[in-house]
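Since the structure comes first, as structure tokens, the remarks are kept for the end.
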Amino acid sequence: MKFYQRFAYYLVGLFIGCFFVSMVFSGKDTRCNYFPNARVLNDLSTKPFNLSPEASKKFEEKWVTMNDIKNTLKYGDVDFDKSNINYESGKIYVVDGKTTSNFQISLEFINYPDKVVLKDIIKK
């Protein structure tokens, strides 16, 4: 078998393999969350989101927006020393982040099995 024939078989196999790999990964929402910080943030951001009365008051003060909360859930750091505390039928998690106007904030979430409640927003 000549070189160009082997090369043609190689390209056909490569094309078929790439096609199957692209079909498998294009239909799935795959995420690789191996570290505890990424797992907690992913869990908090995928559940339905509710606000407590204290957090609603902070939104009325206009120094924090819902966009700041979403960015903190995406890029924030979980403070595990203050987190994973049992509260009613859920657990409290504290996430540190920044607002768009560069204020340091701390968000307290209550993570229930079926929903997440933003308990409080603390400006540092």
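The values are calculated or read from the model by the stated rules, or taken from the named source; none is laboratory data. Quantities reported herein were computed from a predicted structural model and do not represent experimental measurements. Glycine also receives a Cβ, built like all others from the backbone with ideal geometry; neighbour counts cover every protein chain displayed. Just so you know, the surface numbers come from the protein's heavy atoms only, side chains and all, with ligands and any DNA or RNA stripped out. Shrake-Rupley method; radii C 1.70, N 1.55, O 1.52, S 1.80 Å.
Annotations for the structure displayed:
- Straight Cα distances below 15 angstrom link LYS70 to the aspartates and glutamates ASP43, ASP96, GLU108, ASP120, with same-chain residues fewer than 8 positions distant left out.
- Long hydrophobic helices in the chain: the complete DSSP H runs spanning 27 Å or more by Cα along their own axis with mean Kyte-Doolittle hydropathy of at least 0.0 are 3-26.
- Amide H to amide H distances under 5 Å link ASP120 with GLU108, where only residues 5 or more positions off or on other chains count and H is placed in the peptide plane.
- The equivalent ellipsoid that matches the C-alpha gyration tensor of the chain spans semi-axes of 46, 16, 13 angstrom, in descending order.
- Surface share of carbon and sulfur [accessible, 1.4 angstrom probe, percent] for the chain: 59
- Qualifying chymotrypsin sites (Phe, Trp or Tyr not before Pro) in segment 4-79, DSSP loop, other Cβ atoms within 10 Å at most 10: TYR34
- Over the chain, DSSP H runs of length four or greater, each weighted -39,500 (n - 2.57), average out per residue to a 222 nm ellipticity of -13500 deg cm²/dmol.
- Per residue, segment 18-124 exposes 66 Å² of solvent-accessible protein surface, assessed with a 1.4 angstrom probe and all protein chains in place.
- Among the listed pairs LYS58/LYS119; LYS58/LYS123; LYS47/LYS124; LYS47/LYS74; LYS98/LYS119; LYS57/LYS124, a Cα-Cα separation exceeding 19 Å is found for LYS47/LYS124.
- Here each label is just a point 7 Å from Cα along the line to Cβ, and for MET23 and ASP79 those points are 5.1 nm apart.
- Residue ranges 65-71, 103-109 sort as 103-109, 65-71 when ordered by packing (mean number of other C-beta atoms within 10 Å per residue, highest first).
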